[in-house]
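Heads up: the structure comes next, in structure tokens.
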Amino acid sequence: MGEPKFRRVWLGAALAALVFALSGCAGDAPQDFLNHPEGPYAREADSIWDITFFIAVAIFVLVEGLLVFTLVRFRHKPGRQAQDFHGNTRLEIALTLVPTIILAGLAVPTIQTLFDVSREPEGALQVTVTAKQFWWEYEYPDLGVITANEMHIPEDVPVFVRIESDDVIHSFWVPRLAGTQDAVPGRTNTLLLQADEPDQEYLGQCKEFCGLSHANMRLKVFTHTQADFEEWAADQAADAAPATGAAAEGEQIFLEAGCVNCHAIRGTEAAGATAPDLTHFGSRTTFAGAIFDNTEKDLAVWLRDPPAVKPGALMPDYGLTEDQIQSLVTYLMSLE
Amino acid sequence: MAMAGTVARRGLFARPTAKTGVWGWMTTVDHKKIGILYGVTAFVFFLIGGLEAIFIRLQLAGPNGKILDAELYNQFFTMHGLTMIFLVVMPMGVALMNFMIPLMIGARDVAFPRLNAFSYWVFLLGGLFLYSSFFLGGAPDGGWFGYAPLSTTLETQGMTFYSLGLQILGIASLAGAVNFIVTIVNMRAPGMTMMRLPVFIWMSLVTSFLLLFAMPVIAVALFQLMFDRVFDANFFRLSAGGDPILWQHLFWLFGHPEVYIMILPAMGIVSDVLPTFARKPLFGYAALVFAGIAIGVMGWGVWAHHMFAVGLGPVANSAFALSTMFIAVPTGVKIFNWLGTLWGGDIRFKPPLLFALGFVSMFIIGGLSGVTHAIVPSDAQQTDTYYIVAHFHYVLFGGAIFGLFAGLYYWWPKFFGRMLGDGIGKLHFWLMFIGFNLTFGPMHILGLQGQPRRTYTYPEGMGWDVWNFVETIGAFVIGLSALTFLVNVVASRRRGQEAGADPWDGRTLEWSISSPPPEHNFDEIPVVRDRDDFWHRKYRENVPAGEPAPVIAGGAGDHGHIHLPSPSYFPLLAAIGIPIAAYGVVLIGREVGGGPIVIAAGLLLTLLSVFGWAIEPGTEE
Amino acid sequence: MGTHEVAADHHTSTGLDNTKLAMWGFLGSECLFFGSLISTYLLYRNRVLSGPTPHEIYDIPYTSVSSFVLLMSSLTMVLALAAIQRGDHRGLRVWLLATAFLGMTFIGGQIYEFTTFVEEGLKLQTSTFGSSFFVLTGFHGAHVTVGILMLLMLVGMSLAGRLDPVSEGSRKVELIGLYWHFVDIVWIVIFMIVYLVPTN
């Protein structure tokens, strides 16, 4: 009934404040965008967040503080009489106008930023992202590059991303570089990305629920200096080098086991279009929607039974023998 | 157990007469009993939905969880959302509306008592239908929002149950909405003008109008989904030019008013609880009423704020950003008015007030985070992360659920004639308050640290482990609080303090009759002279509009002869036909034969029952 | 229907009968229902990736005739209400049956039109146009059918003396009349938007 309650209230409030303060020190979160905008478009979104958040916190402190104060000041005590007023029209009007003005103030930069981040700038690098269950295909139409799951971009260059989908709605998201846009089948959405620093690795993932392995549809973005990027692009655009030695055996298996129905490796007869392009598979750091490291061990596990390790994966279990798997691993890893 | 007796009949069959026992409950048309049925059912679903949440939290307590596999997880998070929205918050609101509306406006029952019973049975059967999917091939697994074309192409069968189950529940809601609108508009006691109605009644009216106009939109969307899945239609079929965004527009045109449907009754409850426990009139009654109406109307203009990342274009996004920001204004008005109600009061911290304060304090947070979502470029980061999950749990749990519990604790004595325990009530509140904040507070942080929604697992090294673990602890604390409530209920029934008519020194009409009320509610329909009429009769306060109101044309009060609506089988029978027909559609979808006959049988049962209902009189003399 | 204890004996706060208020509320809801279906149709009627287009398949003169039939049924409905209001039960039944008959003719016409369309290659599954057309007009037809059943029920009630006193009977007939007119108006809207407004 009386005082202990309020000690508890203050304690609770202090605890909550501590919790939120600690949030800043929660350790490295690679998809944290709040404290790490790493490009101009991410920064635009972040700066308007900063204003809004500040205002929201101020209002929170004011209103909740007023609430707590009211509860303490007017709690029942013997002899207290409640006052008998019904309202205050001037106060009502003021309390309607003030929030309206604050919101109108917020609306202006909101709409400005909104338009800013949607205008395609001059000289943007063109990339088309096609989202599929449960991986990402990237095509650089001007550079002749097709790759999967790991996007490479040069520093300080705006990247104009066209986002499409082959099956259901997905959402392309690299938190430290930009907000999301959905990948909606039947239409093309666009997004602007730009990174400040070269030689960085940014994590991202699909943000729109898309089925069993929505959680497993991740991606990476690598940034480079302009020179390094051009080198990368040239390498990627080239056909695969002919397989030699131990890899040749794997190439045979690849071409005969049915992989070509879905996968493409430029420079061979494999020209499937529904699964990731594997021409330079060996140059990637991850695979299967960036959920596995590109190591011999993980690749072998995958080849043994894809749906078992990635629910809903469209790549079936081909019933390969261990020898076949080892050969394939050798071959695929050779595709630098 | 009383058996159905025979009575002079004008209907097809002998009318049931039982007022007690199982048969009594199954044929009741008494709004008070129906309110209790709704409340008990909603609470059971609350526990089930809570269990689903516990499993979700167990799965997410650490990286690479193994408690639920991807398929089960998708079913659990879908059903958790569907359950909490359609089987808990909405029906619990209806439970309170059912019991309280006639009592607060001075009526003997609702306008259409059998329709009322029908609404309940359809709700119960709809919920059971939806849950039967767990045993018939798997529950819906495409999210409660069912975005096409995922929802139309999922080969698991759950989304067919989704399209039919929600349709059934929609029928219950629509019938209830019509009933409450007519009751509130047309059955007020003499002198009870619209501006003398308790705010809970006003909010129930606005909610009912929202239901009336929002349910048909989702009904169309669900029919289209069903036709695509079961009959190979093309509404969302990509190869035929079907547009997935059509689904989203229809869904959110319903979906946004839906969230106001969930919050307005709770806001109404808070508006009636605060004055009672501050012992002073509501601050700014007219402003609160108009703010509620404004929220209801403006709520139709914000739907695409759920679609900011869909690619509608900067112009559309700007328009919806503006409308979303401005709907915060009437909401703010309400919060200020509640503060004004407490200010200068003589505040007594009973459980109903604690829960109402929980509502206000948590809704402020949820409302503020909501405004941050309106900032479109920032929302592009926030959307589909746990930051959004935090927002809507703050408004729907911190808001609606806390508000509904405030109503339960407040009106429990009226329903059952006994108080809920004070001490246990406070324990319940604090456990729930702490557990809730522990579970959903950190979600703000996790969202901003990049954890997306609707993911059955997350890898190590994302920096999300600690807060996820904390949230799981919080979920168990919430579970404990729910059990505390159950203990309180049981203890109250066994040895709860007897309540009397007016345990809280209340202000509104319902406290002028006994607890629990007699079947006919009021011995004599009161003549209302003022807002908070009961309070003024008790305390003769000097109020501006103190003169007796002219008696309104219409509600002339009783003629001394109380006739009450008689029990009936037909609402239950008519309700049963509907899920039967739905199972018929499921059969067609699975191509196992017999579907059309089952549909016909279900529809025939409903048709004949409605026919019988139509020709039996409302009251058997 | 059976709520006489509130509607007849007690006055209402607005002076309007409860069931009439309920019917208006329900019809308001139905506006949104048909509005959503019509919006879907408007989105999809020009997306015909396979099968016949609206222009190719509609038979405007034919549909005009069936629309006229439905329109006339609203007239007979008005006459039915006028009959019961002056206590003429026989007249009521004649005009109710006429309304039901015209409604059945309309439905028959719809069924014929649908089967013709199917023969000419337009099914629910053919295209987005096919899906949205059949679902829209199909739901409308279902509403007309329910209306016909209610009209026949009124005829039965009249024969069984259940529409006495005249004030009670008028109320019930007026209620069904409201519904019937609404369904007719919806058809006017559908006819104009679906059939008459030219497509690409």
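The values are calculated or read from the model by the stated rules, or taken from the named source; none is laboratory data. Everything quoted here is computed from the prediction, not taken from an experiment. Backbone-built Cβ (ideal geometry, glycine too); neighbour counts: all protein chains shown.
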Any chance A:Glu230 is of a type in the set (Asp, Glu) and more than 30 Å from A:Pro158 (Cβ to Cβ): no
Criterion (acidic (Asp, Glu), crowded, with 20+ Cβ neighbours inside 10 Å, away from every other protein chain (no Cβ under 12 Å) and closer than 30 Å to B:Arg108 by Cα) met by exactly one of B:Glu498, B:Glu510: B:Glu510
Qualifying residue in region B:231-238 (condition: small (Gly, Ala, Ser) and either at the interface with another protein chain (Cβ under 7 Å from one of its Cβ atoms) or under 16 Å from the mean Cα position of the chain (by Cα) (or both)): yes
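Do we have any residue at all in region B:413-425 that's in contact with a strand residue (DSSP E or B) (Cβ under 7 Å, 6 or more places away or on another chain), closer than 30 Å to B:Ala501 by Cβ, charged (D, E, K, R) and touching a residue at least 24 places away in the same chain (Cβ under 8 Å)?
There is at least one residue in region B:413-425 that is in contact with a strand residue (DSSP E or B) (Cβ under 7 Å, 6 or more places away or on another chain), closer than 30 Å to B:Ala501 by Cβ, charged (D, E, K, R) and touching a residue at least 24 places away in the same chain (Cβ under 8 Å).
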Subset of region B:118-145 that is buried (at least 24 other Cβ atoms within 10 Å of the Cβ) and outside any helix (DSSP H, G or I) - its residue that is farthest from the other protein chains (Cβ to nearest Cβ): B:Ala139
Subset tally (residues that are surrounded by 19 or more Cβ atoms within 10 Å (Cβ to Cβ) and closer than 22 Å to A:Glu150 by Cβ) for region A:251-267: 5
Residue check, A:Ala233 in a helix (DSSP H, G or I), within 14 Å of another protein chain (Cβ to nearest Cβ) and of a type in the set (Gly, Ala, Ser): no
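Taking B:Val273 as the residue in question, decide whether it is in a helix (DSSP H, G or I), modelled with pLDDT of 95 or more and within 17 Å of B:Met194 (Cβ to Cβ).
Numbers: in a helix (DSSP H, G or I): yes; modelled with pLDDT of 95 or more: yes; within 17 Å of B:Met194 (Cβ to Cβ): no.
No.
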Test set (1) surrounded by 22 or more Cβ atoms within 10 Å (Cβ to Cβ); (2) among the hydrophobic types (A, V, I, L, M, F, W, C); (3) in a helix (DSSP H, G or I) - B:Ala316 fails condition number: (1)
The lone exception for B:His561 - which of (1) assigned to a loop (DSSP other than H, G, I, E, B); (2) under 30 Å from C:Leu154 (Cβ atoms); (3) at pLDDT 90 or above it fails: (3)
In region B:276-313, the residues that are facing chain A (nearest Cβ under 8 Å), out of contact with any strand residue (DSSP E or B) (no Cβ under 6 Å at 6 or more places or on another chain), at negative phi and not in a helix (DSSP H, G or I): B:Lys280, B:Pro281, B:Leu282, B:Phe283
Top-ranked residue of region B:144-181 - restricted to ones that are among the β-branched types (Val, Ile, Thr) and in contact with a helix residue (DSSP H, G or I) (Cβ under 6 Å, 6 or more places away or on another chain), ranked as farthest from B:His249 (Cα to Cα): B:Ile181
The lone exception for B:Thr324 - which of (1) more than 28 Å from A:Phe209 (Cβ to Cβ); (2) buried (at least 24 other Cβ atoms within 10 Å of the Cβ) it fails: (1)
Residue count, region C:15-24 (criterion: modelled with pLDDT of 90 or more and either within 7 Å of chain B (Cβ to nearest Cβ) or not in a helix (DSSP H, G or I) (or both)): 5
Condition met for C:Gly121 (surrounded by 16 or more Cβ atoms within 10 Å (Cβ to Cβ), over 24 Å from B:Ala219 (Cβ atoms) and touching a Gly at 6+ places or on another chain (Cβ under 6 Å)): no
Test: residue in region B:87-106 that is surrounded by fewer than 22 Cβ atoms within 10 Å (Cβ to Cβ) and among the aromatic types (Phe, Trp, Tyr): no
Residue match in region B:425-432 (condition: part of a helix (DSSP H, G or I), over 24 Å from B:Pro265 (Cα atoms) and more than 21 Å from the chain's Cα centre (by Cα)): yes
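Residue by residue, here is whether (1) modelled with pLDDT of 95 or more; (2) within 30 Å of C:Ser170 (Cβ to Cβ); (3) more than 14 Å from chain B (Cβ to nearest Cβ); (4) surrounded by fewer than 19 Cβ atoms within 10 Å (Cβ to Cβ) holds:
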position	(1), (2), (3), (4)
C:Cys31	yes, yes, no, yes
C:Ser36	yes, no, no, no
C:Pro54	no, no, yes, no
C:Ile60	no, no, yes, yes
C:Leu70	yes, yes, yes, no
C:Val78	yes, yes, yes, yes
Output for region A:2-58, where each listed residue is more than 7 Å from chain B (Cβ to nearest Cβ), at pLDDT below 90 and in a loop (DSSP other than H, G, I, E, B): A:Gly2, A:Glu3, A:Gly24, A:Cys25, A:Asn35, A:His36
Residues of region A:84-123 satisfying the condition of being hydrophobic (A, V, I, L, M, F, W, C), touching a Pro at 6+ places or on another chain (Cβ under 6 Å) and surrounded by fewer than 17 Cβ atoms within 10 Å (Cβ to Cβ): A:Phe115
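Quick check, is B:Ile375 without any contact (Cβ under 8 Å) to a residue 40 or more places away in the chain, of a type in the set (A, V, I, L, M) and either touching a helix residue (DSSP H, G or I) at 6+ places or on another chain (Cβ under 7 Å) or at the interface with chain A (Cβ under 9 Å from one of its Cβ atoms) (or both)?
Considered against the rule, which asks whether it is without any contact (Cβ under 8 Å) to a residue 40 or more places away in the chain, of a type in the set (A, V, I, L, M) and either touching a helix residue (DSSP H, G or I) at 6+ places or on another chain (Cβ under 7 Å) or at the interface with chain A (Cβ under 9 Å from one of its Cβ atoms) (or both), B:Ile375 comes out as no.
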Selection count, region B:230-255, where residues are crowded, with 24+ Cβ neighbours inside 10 Å and either farther than 30 Å from C:Gly130 by Cα or basic (Lys, Arg) (or both): 0
Conditions (1) at the interface with chain B (Cβ under 9 Å from one of its Cβ atoms); (2) free of Cβ contacts under 8 Å to residues at least 24 places away in the same chain; (3) not β-branched (Val, Ile, Thr); number of the one not met by A:Gly65: (1)
Flag if B:Leu420 is farther than 30 Å from A:Ala107 by Cα and in a loop (DSSP other than H, G, I, E, B): yes
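Counting just the residues of region B:438-452 that are facing chain A (nearest Cβ under 7 Å) and part of a helix (DSSP H, G or I), which one comes out surrounded by the fewest Cβ atoms within 10 Å (Cβ to Cβ)?
Within region B:438-452, the subset facing chain A (nearest Cβ under 7 Å) is B:441, B:445, B:448-450, B:452.
Those left that are additionally part of a helix (DSSP H, G or I): B:441, B:445, B:448.
Numbers: B:Gly441: 22, B:Ile445: 25, B:Leu448: 24.
So the residue we want is B:Gly441.
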Criterion (under 21 Å from C:Phe139 (Cα atoms) and facing chain C (nearest Cβ under 8 Å)) met by exactly one of B:Leu246, B:Leu222: B:Leu246
